[in-house]
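So the structure is just underneath, and the comments pick up after that.
Please treat every number below as a calculation from the coordinates, not as lab data. These numbers were taken from a predicted model, which means no experiment stands behind them. Note that we place each Cβ from the backbone using ideal geometry, even for glycine, and neighbour counts take in every protein chain shown.
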Amino acid sequence: MFVTAVISVILVATCCYLHVTTMRILGRFILREQSRLRHPFMIVLMTLFFTHLLEVLVYAMGAALLDLLGKGSLSGAIGGDERDFLFDHFYFSISSYTTLGIGDIVPHGSLRLLAGVEALNGLVLIAWSASLTYLMMERLWGEAGPRENEEG
């Protein structure tokens, strides 16, 4: 359990650092270049979306590492092929990160701890992205709302 706790802390720190760095760079870029960008809000949304996907991948790799170390495993609707190994962990990770928790893949052993930590971290990071999205909308659109010739 200690190894899982350490890996969980490392994954949380990695994802939070990735998120804050991305948001800082994105915010500065949009505010500096907004007059030249045709759809700055779409850039914000797509950047945040792909950042979340990258964070899910980070957690999937952590879960796969714990699985390989014998600290836990996944069962249920998983593929039996080696090629499906990372995909199964990615699918489980995206379900955990978004707190969707479909339940067709179930963690065992200390992977249960990682799944809980990932859900909490995902909830915080998604809420943080929602806050930035709101602030960027307010900044880019102002009181008048989006301009008629600008869709995003």
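A few remarks follow.
- Evaluated with a Cβ-only charge set (Lys, Arg +1; Asp, Glu -1), region 1-110 carries a dipole of roughly 760 debye about its Cα centre, given to the nearest 20.
- Projected label distance in nm at C16 and R36, using a 7 Å step from Cα toward the beta-carbon: 3.5
- With viscosity 1.567 mPa s and temperature 4 °C, the Kirkwood radius over alpha carbon pairs of region 66-132 converts through Stokes-Einstein to a diffusion coefficient of 104 µm²/s.
- Signed unit charges on C-beta, dipole axis of the chain, positive-most listed residue I126, P40, S75: P40
- Euclidean distance between Cα centres, region 58-114 to region 1-38, Å: 23
- Within the chain, the selection of entire DSSP H helices by a Cα span of 30 Å or greater along the long axis and an average Kyte-Doolittle value of at least -0.5 returns 2-33, 40-68, 111-141.
- Among [x] 10.1; [y] 11.2; [z] 8.5, the entry derived from the coordinates for mean projected area of the Cα convex hull in nm²: [x]
- Positive dipole terminus of region 5-97, leading residue within F87, F50, A60 (C-beta point charges): F50
- Using C-alpha pairs under 8 Å with a sequence gap of at least 6, the mean separation divided by the residue count of region 36-128 gives a relative contact order of 30 percent.
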